[in-house]
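Here is the structure we will look at.
The values are calculated or read from the model by the stated rules, or taken from the named source; none is laboratory data. No experiment lies behind these values; they were computed from the predicted model shown. Cβ coordinates were reconstructed from backbone atoms using ideal geometry, including for glycine residues, and neighbour counts include every protein chain displayed. Quick note on the areas: whole protein, heavy atoms, side chains included, nothing else; ligands and nucleic acids left out. Shrake-Rupley method; radii C 1.70, N 1.55, O 1.52, S 1.80 Å.
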Amino acid sequence: MRAFGLSPVVPALLIGVVVGADPKPAAIAFEDVTAKAGLKGPLAGLMGHGGAWGDFDGDGNPDLFAGGFCDRPNAEYVPAAGPVAAVLLRNRGDGTFEHIKDTPAAHFGRTSGAVFADLDNDGKPELYVANNAKAKAGKLGEPQSGAGTKKSLLLKNFNGKFEDVSRECGACPDALLTARNVMPFDYDSDGLLDLLVIEDKFTAKPRTALFRNEGTLKFRDATKAAGLPENVFGLGAAVADLNDDGRPDLFVPHSNRLFLSTNDGTFREAVELNPVFAWKPLHGEDWPCGAHFADLNRDGRLDLVLSIHCTKARNRVFINDGLKAGIPQLRDVTDAVGLGDAVPVRCPHVEVQDFDNDGAPDIYMSAAVLTDGKVTPLVYRNAGVKDGLPQFVPNFDVKTANAYYPAGPSADYDGDGRLDLFLVNWFANNHSRLLRNVSPERKWLDVRVTGKTTNRDGIGSKVSIFAAGKLGKPEALLGYQEIATGYGYASGQLPVSHFGLGDTASVDLRVVLPGGNGTIEKLGVKANQVLRVSE
């Protein structure tokens, strides 16, 4: 069964030709606006590793957080004189950003991931920062020694200003050391966003922790009670309802383990798929890293893209053939869809987004070509569907990739309907970059869901768009997404579904609320708007 409850047969996808390709494809293009946006100074010298978008001041403009590793010798932060604290940047709405310095977000740590999410349902997103702490302080003095042992942070949003509630919240325990990715989702359908914090394997007893939200920003470790093993290590994460039971399932890269929700509110490992996800590393630093669930061929089922942290990145694509005995039948189609060539630099982060707004989702990896100071991120453009499989074409010869960025979340920061990129830089003598999407303008639609009995961010909502006048007809499906944030690696996105529409002026919309809390349908929704759907 499809995620939106329709027959899985889509006749148009079964013929042996490419379907849905843009007859006049145009290059996906970005303009580096880092200096113009006022970001080059605040980000100079940042050994960045985590980045997140979120509207923390509630003015409708996406703001930024970026953090990195602050425990290295001073010389590694050139052009800065030493470690650079994490930065909070307010979007002024005129294309520039203000550096907010008086905030607990501006800390020295080993930030390896971050996400904004409304954890107390008051309409203002909190900021969770995953710090990859060491057990003991180093020998470099301050701020390096303190940065090395800095634990993860939860910052409560008080009308656009943050207050540190880390120590009393229960979601940042001292025992949680090598935190990486963090994902908010409501695993128990109580209307409060819980937190999944991924811990890497580079500690004595690695574990991935699930913190249950009990209200008023108090969390309880529910890992064992939820049926998750204590030995699950990883880097990134992806969460979505794959088994179509109305509750989220989760995939943890590096461990490469999929956990499916059950009818008693716990998770069970989909051991049937372990052979599909089995990974034979080339060497000790060949790690599956980022993951994203997305409908690549627009058949109403969520597929999986996996990015690899290796200097020979063998990124993977798994197509979803539907459910069999409650198990999603994921199949490796990497070669067949055009991602078979290994990338000669690390590809930590991955997102599936429609960057050219032609109606077909593209695959972006945080690898790049860096030439004479100009960066071109790696985007595999969706060229349509052949024999039921999407076909992707990279925007440059992947063998020429010579740079990468640990984190690189997307967002439409300037409100023009095209998704931009924030690339978080790790290396000395380079810098983090804001890339504005300047691809040819096409029609688009953003969908945001506001929950009441469900979580206010609408995370877990299933959003489907159809050709106008054909709501619910499988052959008229134009796109399907599940609202999420924190997917990929070390990155936080806005809780929004972005659809490119090509030349389509209006669509019909269906939103299935998380936890079985109902369905919302709208007919004749006009293109080129941010549609806010309330429960």
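If the condition is being open to solvent by 10 Å² or more (accessible area, probe 1.4 Å), modelled with pLDDT under 95 and in contact with a Gly (Cβ under 8 Å, 6 or more places away or on another chain), then segment 357-399 contributes K386, D387.
Do you know which of the residues in segment 422-441 that are open to solvent by 20 Å² or more (accessible area, probe 1.4 Å) and not polar (S, T, N, Q) is farthest from Y380 (Cα to Cα)? If you could, list the steps in order and put the result at the bottom.
The initial filter retains those residues of segment 422-441 that are open to solvent by 20 Å² or more (accessible area, probe 1.4 Å), namely 426-431, 436, 438, 440-441.
Then keep just the ones that are not polar (S, T, N, Q); that gives 426-428, 431, 436, 438, 440-441.
Details: W426: 23, F427: 25, A428: 28, H431: 24, R436: 18, V438: 17, P440: 17, E441: 19 Å.
Among them, the one singled out is A428.
Only one entry of P253, P281 meets the criterion of being within 23 Å of the chain's Cα centre (by Cα), on the phi < 0 side of the Ramachandran plot and not charged (D, E, K, R), and that entry is P253.
Looking for something open to solvent by 40 Å² or more (accessible area, probe 1.4 Å), acidic (D, E) and in contact with a Ser or Thr (Cβ under 7 Å, 6 or more places away or on another chain) - is there at least one such residue anywhere in segment 524-535?
We begin by selecting, within segment 524-535, every residue open to solvent by 40 Å² or more (accessible area, probe 1.4 Å); these are 526, 528-530, 532, 534-535.
Okay, now just the ones that are also acidic (D, E), so 535.
Among the residues that remain, those that are also in contact with a Ser or Thr (Cβ under 7 Å, 6 or more places away or on another chain) are: 535.
Taking every residue of segment 524-535 in turn, at least one turns out to be open to solvent by 40 Å² or more (accessible area, probe 1.4 Å), acidic (D, E) and in contact with a Ser or Thr (Cβ under 7 Å, 6 or more places away or on another chain).
Quick check, is L155 closer than 27 Å to G290 by Cα and without any contact (Cβ under 8 Å) to a residue 60 or more places away in the chain? The answer is yes for L155.
Within segment 101-121, is even one residue open to solvent by 20 Å² or more (accessible area, probe 1.4 Å) and within 23 Å of R436 (Cβ to Cβ)? Within segment 101-121, none of the residues are open to solvent by 20 Å² or more (accessible area, probe 1.4 Å) and within 23 Å of R436 (Cβ to Cβ). Selection of segment 316-348 for residues being surrounded by 21 or more Cβ atoms within 10 Å (Cβ to Cβ), over 19 Å from V239 (Cα atoms) and either at pLDDT below 95 or not aliphatic (A, V, I, L, M) (or both) yields R346, C347. Taking each residue of segment 314-335 that is aromatic (F, W, Y) and looking for partners that are surrounded by fewer than 21 Cβ atoms within 10 Å (Cβ to Cβ) with beta-carbon atoms closer than 6 Å, six or more apart or interchain, yields F318/D332. In the set (1) without any contact (Cβ under 8 Å) to a residue 60 or more places away in the chain; (2) open to solvent by 20 Å² or more (accessible area, probe 1.4 Å); (3) of a type in the set (D, E, K, R), the condition left unmet by D286 is number (2).
Are any of the residues in segment 378-385 outside any strand (DSSP E or B), in contact with a Leu (Cβ under 9 Å, 6 or more places away or on another chain) and within 22 Å of D295 (Cβ to Cβ)? No, because not a single residue in segment 378-385 is outside any strand (DSSP E or B), in contact with a Leu (Cβ under 9 Å, 6 or more places away or on another chain) and within 22 Å of D295 (Cβ to Cβ). All conditions but one from (1) open to solvent by 20 Å² or more (accessible area, probe 1.4 Å); (2) among the polar types (S, T, N, Q); (3) within 19 Å of S189 (Cβ to Cβ) apply to T485; the one that does not is (1). If you go through segment 400-421 and keep only what is within 17 Å of V305 (Cβ to Cβ) and open to solvent by 20 Å² or more (accessible area, probe 1.4 Å), you end up with just Y404. Does A171 qualify as being among the aliphatic types (A, V, I, L, M), part of a strand (DSSP E or B), over 11 Å from V252 (Cβ atoms) and open to solvent by less than 40 Å² (accessible area, probe 1.4 Å)? So A171 fails the test.
May I ask you to list the residues in segment 321-355 that are more than 14 Å from V379 (Cβ to Cβ), part of a strand (DSSP E or B) and in contact with a Phe, Trp or Tyr (Cβ under 9 Å, 6 or more places away or on another chain)? I'd like the intermediate steps shown before the answer.
Restricting attention to segment 321-355, the residues satisfying the condition of being more than 14 Å from V379 (Cβ to Cβ) are 321-337, 340-342, 344-346, 348.
Subset that is part of a strand (DSSP E or B): 321-324, 327-332.
Hits for segment 321-355 are L330, R331, D332.
The single residue among A85, A27, A3 that is in contact with a Phe, Trp or Tyr (Cβ under 7 Å, 6 or more places away or on another chain), of a type in the set (A, V, I, L, M, F, W, C), at pLDDT below 95 and outside any helix (DSSP H, G or I) turns out to be A3. Among the candidates G234, G215, the residue that is of a type in the set (G, A, S), touching a Pro at 6+ places or on another chain (Cβ under 6 Å) and open to solvent by less than 50 Å² (accessible area, probe 1.4 Å) is uniquely G234.
Annotation note: Cβ proximity below 6 Å between a residue of segment 163-176 that is modelled with pLDDT under 95 and a residue that is β-branched (V, I, T) (sequence gap 6+ or interchain) occurs for no pair. With respect to N274, determine if the residue is open to solvent by 60 Å² or more (accessible area, probe 1.4 Å), over 22 Å from C172 (Cα atoms), free of Cβ contacts under 8 Å to residues at least 24 places away in the same chain and not basic (K, R). Spelling it out, it is not the case that N274 is open to solvent by 60 Å² or more (accessible area, probe 1.4 Å), over 22 Å from C172 (Cα atoms), free of Cβ contacts under 8 Å to residues at least 24 places away in the same chain and not basic (K, R).
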